[in-house]
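The structure appears below as structure tokens.
The values are calculated or read from the model by the stated rules, or taken from the named source; none is laboratory data. The shown structure was predicted, so the numbers you read here are calculated from the model rather than taken from an experiment. Every residue, glycine among them, receives a Cβ derived from its backbone with ideal geometry; neighbour counts consider all protein chains shown.
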Amino acid sequence: MTSEFYEKLGNLLGAERVMNDDFALYAVHADAGFEKGGFASAIAKPCSTEDVAAVMRLANEYKVPVTVRGGASSAAAGATPTVPGGLILDMTDMTRLIEVNYDCSTITAQAGITFGEMAAFLHPKGYTICLGGHAVYTATLGGCIANTSVSIGSGYYGMFGDQVINITAVTPTGEIVHTGSDSMRAGGRFLRYCNGPDLAGLFIAGTGVLGIITEATIRLHVMPETREYACYSFDDIYKGTQASIELERAGIFDGQIAFGDHTLKVFGAGKPGNPIPGNCQLLFRCSLAGDKLVVDHQLKKLDAIAESFGGICLGPKLAIPVTYDIMGTEFSKLRVNGVSAPIACAVPIKKIPELTEIVESYLAENDRLIENIKGSELKSWTNAGVVSHGGVISYAGRITFTENPEHREEAYQVWHALLEKMIEMGGCPYWTGKTWTPHMARGYRDDYLAFFKSLKAFMDPNNILNPGLLLEELDKQ
């Protein structure tokens, strides 16, 4: 990066919105995960779509690579440079709430707004949104869409991409694009599938390789009349798996499945005072929301389904910490003992027994690199996932590796070998970034990879926007 580029960048945004001091660069070189990040040469903090477009046009002129960064609460390294140098585009000053359309049930905001900010505005008014990702309140709207995070309530709402109505994006070369109903001059933001191809889909889950989301319109929901919780224990993982499929078909609001002998021991199965039976092999925790009469009817239906597969109803208490808007506090506890390494991929629920066998046997072989849970002889990892539509589980395994620098590289390789096993068994990553890129690149069908590369080359001829993500093998050193 030249001094001339840096000076022009300051002229575009204002000197106070451009920085290159070591402290600032160090603060944005990593996210919340295990992956190493490169160091950028500068940081820019835009305030508008027009700012972003101007920065991208300048970056193309000088061939400066750009990495887009939101709240960086991800652990998949999608918000850190793949190589040293270049520019970090920090979106966290783009927090304006643009419009709440109660008639069309939508909310529109800039990409850097957090879900906490939106919830604080909406909840007192009796409305809510599908809260994005494991970070819940600190994750940003644009980052969640770009990573298609597993949302709170995806068993009811679907993946977060299903919440998206319209997107305003800036292409890698600096053009501004509006999608769906907002693509019409007199249209407005109310419908995604209209006026031609679904261009919003180009930017959802793309980790910013095809464009930068600057504004988004998502679905608004009325606060439910009531919310109830349920938890079911199964002593047979195969019966529990089939029961989970049937429970999902019956309809839930939130659902989380924990499975396998080790995971249930971590959850306290069989301990005095813990309601989880010692022989539990699969735990299905869920909440239902809506009109009270409907919720009561659904709970009875779920009870009957679980019982038909030998399930035991454990009452509501265990389901509360992992459902609705406090699920993130449960997952965040896994990071207190060491470095958290996620395994985030979607698989059919029916593959839970196979998944359990692969993960438990592999981690048992490498358990010396995994931290113990404090005050316990158990290793700090769990097999769990969030229920989504269509008999799918968004598997969110978490492993806490040692922070001992002598063993870090070995632990890193163990983690990535397990990610490769997930690809081999048919897992499809949903929380992507540098972490998943080499494994996805090897797992793509040839036709998909060729088309994706052609699309990237067409939209980003200088390969400057989030280079190295999704398509290219990475230098891990």
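A few points about this structure:
- Annotation for region 114-125: no member residue is in a strand (DSSP E or B), among the polar types (S, T, N, Q), buried (at least 24 other Cβ atoms within 10 Å of the Cβ) and at pLDDT 95 or above.
- Checked against the criterion of being in contact (Cβ under 8 Å) with a residue 24 or more places away in the chain and within 18 Å of L470 (Cα to Cα), region 44-66 has at least one qualifying residue.
- Candidates in region 378-390 are the residues that are at pLDDT below 90 and more than 20 Å from P321 (Cβ to Cβ); of these, the one that is surrounded by the fewest Cβ atoms within 10 Å (Cβ to Cβ) is G390.
- Which listed residue is of a type in the set (S, T, N, Q), farther than 22 Å from C130 by Cα, assigned to a strand (DSSP E or B) and not assigned by TED's automatic domain parsing to the domain that holds I399, from T80, T67: T67
- Every residue from region 50-68 that is crowded, with 21+ Cβ neighbours inside 10 Å and either in contact with a helix residue (DSSP H, G or I) (Cβ under 7 Å, 6 or more places away or on another chain) or polar (S, T, N, Q) (or both): D51, V55, V64, V66, T67
- Criterion violated by Y193 - all others in (1) surrounded by 24 or more Cβ atoms within 10 Å (Cβ to Cβ); (2) modelled with pLDDT of 95 or more; (3) of a type in the set (S, T, Y) satisfied: (1)
The rows are residues; the columns are (1) among the aromatic types (F, W, Y); (2) under 20 Å from the mean Cα position of the chain (by Cα); (3) over 23 Å from F34 (Cα atoms).
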site	(1), (2), (3)
G391	no, yes, yes
Y395	yes, yes, no
P405	no, no, no
H416	no, yes, no
L419	no, yes, no
G433	no, yes, no
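- Taking region 226-331 and the strands (runs of 3 or more DSSP E) fully enclosed by it, the elements with 1 or more residues that are loosely packed, with under 15 Cβ neighbours inside 10 Å are at 226-234.
- Put simply, of G260, G268, G311, G273 the only residue that is at pLDDT 95 or above and at positive phi is G260.
- Residue count for region 17-36 satisfying the condition of being acidic (D, E) and in contact with a helix residue (DSSP H, G or I) (Cβ under 9 Å, 6 or more places away or on another chain): 1.
Every residue, every condition in (1) part of a loop (DSSP other than H, G, I, E, B); (2) surrounded by 14 or more Cβ atoms within 10 Å (Cβ to Cβ), yes or no:
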residue: A417; (1), (2): no, no
residue: M422; (1), (2): no, yes
residue: G433; (1), (2): yes, yes
residue: Y448; (1), (2): no, no
residue: K456; (1), (2): no, yes
residue: P461; (1), (2): yes, no
residue: L469; (1), (2): yes, yes
